[in-house]
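The values are calculated or read from the model by the stated rules, or taken from the named source; none is laboratory data. Keep in mind that what you see is a predicted model, and the values were worked out from it rather than measured. Every residue, glycine as well, gets a Cβ built from its backbone with ideal geometry; the counts of neighbours run over all protein chains shown.
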Amino acid sequence: MSDLRIALYQPDIPGNTGTILRLAACLGLSVDVIEPAGFDLSDRNLKRAGMDYIASVALTRHINWERFEAWRASTGRRLVLASTKAAEPYTRFQFLPDDILLFGRESAGVPDHVHDRAEGRILIPMAEGQRSLNVAMSAAMIAGEAIRQVQPV
């Protein structure tokens, strides 16, 4: 069994966060939310998208990036960032069972200092001229591949 985690850096859209929480509940993944979020985490849109699955998620809120990084350093986990600036396709990346899959803000991704801290940087290859996928869709695709790699059949 893996101990993969999904981390959301200052998420902007409650519906996307709720969808990711539902995804995590269904796949047995934990979620870290690195605040400040662009909405109140008790927002009704978050609850609507996550439905009753939210109660099943191991959710950890980190007051800021520095607190998240201190926690991560104490656990020795590798940070894998999904980024349109990355060069390595997520399907060619070798995931580890205790990786943290980091997804940036819908509006701006992550700042350079966060990008620089990631030990792995991956992207989802897209058709020419397209900017990015919805963050919840990206989380589903990447988490699915990571699980496929690290969990025995």
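Would you mind stating whether Ala118 is touching a Ser or Thr at 6+ places or on another chain (Cβ under 9 Å), surrounded by fewer than 19 Cβ atoms within 10 Å (Cβ to Cβ) and touching a residue at least 24 places away in the same chain (Cβ under 8 Å)? Steps first, please.
Numbers: touching a Ser or Thr at 6+ places or on another chain (Cβ under 9 Å): yes; surrounded by fewer than 19 Cβ atoms within 10 Å (Cβ to Cβ): yes; touching a residue at least 24 places away in the same chain (Cβ under 8 Å): yes.
In short, yes.
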Those residues of region 98-135 that are small (Gly, Ala, Ser), over 26 Å from Ala73 (Cα atoms) and within 16 Å of the chain's Cα centre (by Cα) come to a total of 2
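Take the conditions modelled with pLDDT under 95 and either among the basic types (Lys, Arg) or assigned to a loop (DSSP other than H, G, I, E, B) (or both) and apply them to Asp12. Does it pass? Please lay out each step first, then the result.
On the way: modelled with pLDDT under 95: yes; either among the basic types (Lys, Arg) or assigned to a loop (DSSP other than H, G, I, E, B) (or both): yes.
So Asp12 passes the test.
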Of Gly50, Gly104, the only residue that is surrounded by 13 or more Cβ atoms within 10 Å (Cβ to Cβ), within 22 Å of Asp3 (Cα to Cα), among the small types (Gly, Ala, Ser) and at pLDDT 95 or above is Gly104
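Only one of these is in contact (Cβ under 8 Å) with a residue 40 or more places away in the chain and within 15 Å of Ile20 (Cβ to Cβ): Phe68, Phe103. Name it.
Working: Phe68 fails: within 15 Å of Ile20 (Cβ to Cβ).
Only one candidate qualifies: Phe103.
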_When you scan region 128-151, do you find a residue that is surrounded by 11 or more Cβ atoms within 10 Å (Cβ to Cβ), touching a helix residue (DSSP H, G or I) at 6+ places or on another chain (Cβ under 8 Å) and basic (Lys, Arg), even just one?_
no
